[in-house]
Every structure is written in structure tokens, then in C-alpha cells.
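Quick note: the coordinates plus some simple rules give every number you see, no bench work behind them. Small disclaimer: the values here were computed from a predicted structure and weren't measured. Cβ placement follows ideal geometry from the backbone for every residue including glycine, while neighbour counts extend to all protein chains displayed.
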Amino acid sequence: MRVSATKVISASPERIFTLLTDPGQHPLIDGTGSVLAVLPGGPERLTLGARFGMDMKIGAPYKILNEVVEYDQDRLIAWRHFNGHRWRWQLRPLEDGTTEVTETFDWSTARIPLLITLSRFPRRNARGIERSLDRLADLVGGRTDLDRRTWGGGSGAPLRGSARPGT
């Protein structure tokens, strides 16, 4: 119950993590087009337990409050909102000075995961994740062509044109 994509980016994990933990950068990173702006009053830098709000738009505009629920400095950050599903970023430094970056939309932790599974969100978010990784690479000036996409249980198997998660 997750979709992921992985990209090797020519930048250090520290540099990438600095962007990911700055909520003001999220509209620039987001590849779905739904993250519009950070709401005022939140932290400038995200850490475990931090709460931050975003102006969003999927069809109609709305506001959402997120909480950071996973955090490992320069390696991992994940947040969730009221429904419980998570957006997770994992960074793994590689020997050549690049970083393997994985973004995951994980709805296994949602209150009612079946509703998300049956919706258009897994497919929509899989496309958005690919664009987010490209945008992140552009922001840090480290674009590469090495990437991997996965559906479903997060098995690491490459996406092979599946029309639906888990197929």
C-alpha cells in the first residue's frame, strides 16, 4: 500500500535534507501541483514532532496540517496529516558523492487504507513523485538519469507499466 520512486541525485544528503526540512521549499519540490504555499506560523525547519500547515489545491483549495512522524538527520523525514497516510523521503549517500533519494506515498498507515487504494491517488501520486524527484534534483543542481519506480508493497521491483497498484 505504497508507491515509491528512487533517483540518484548529484548532491550530498545534507544539502538535499536542508531543502526537504524547509516547508517553504515544498511548493517548489512538489510535482503534483497541489502544494501551493506554506502557512504562516509554522517552523522554519522541520524536526520530529513539528507541525506545519500548507495551502493546497486538488480541485478546490484547502488547508492541511501535517506532523513530522519519522526523522533521522540527513537520512529520513516523513509527515502525515489527519488521515494518517505518510509522505516519506529517504536519503542514502553513495560512494561517488551522489545520493540515492526515495520518495514514498505510504497509505498503509491511513485510517481507511482501502479508500485510498480504490481512489485515483496512488496513480496520481506515483506520477507526482517522479516529477518531485526531478524538481528536487533541479533545485540542488544534481539531475541524473538513474531512477527506479515501484508500486504496491514497496518490493523494489521496477514499475513495468502497471495500470493499478499491486498488479
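Before moving on, here are some points about what is shown:
- Only Lys, Arg, Asp and Glu carry charge here, each on its Cβ (+1 for the first two, -1 for the last two); on that basis the range 1-56 has a dipole of about 200 debye about its Cα centre.
- Computed lengthening from Arg75 to Glu14, 0.36 nm per intervening residue step minus Cα-Cα distance: 21.1 nm
- For the range 54-106, Kirkwood radius (reciprocal of mean inverse C-alpha pair distance, Å): 12.6
- Residue order, fewest to most surrounding Cβ atoms within 10 angstrom, among Trp107, Trp87: Trp87, Trp107
- Two-site FRET efficiency, Arg123 against Glu95, from Cβ-Cβ distance with R₀ of 45 Å, rounded to 0.05: 0.85
- Kirkwood estimate for the range 1-77, i.e. one over the average of 1/r between Cα atoms, Å: 13.6
- Spacing of the two label points (7 Å from each Cα toward its C-beta) at Ile64 and Leu115, in nm: 1.4
- Within the range 1-15: backbone nitrogen closer than 18 Å to the Asn83 label point (7 Å, Cα to C-beta): 1-4
- Ratio of the Cα radius of gyration of the range 1-133 to 2.2 N^0.38 Å, where N counts its residues: 1.01
- Amide H contacts for Ser34 (H built 1.01 Å from N in the peptide plane; partners 5 or more residues away or on another chain; cut-off under 5 Å): none found.
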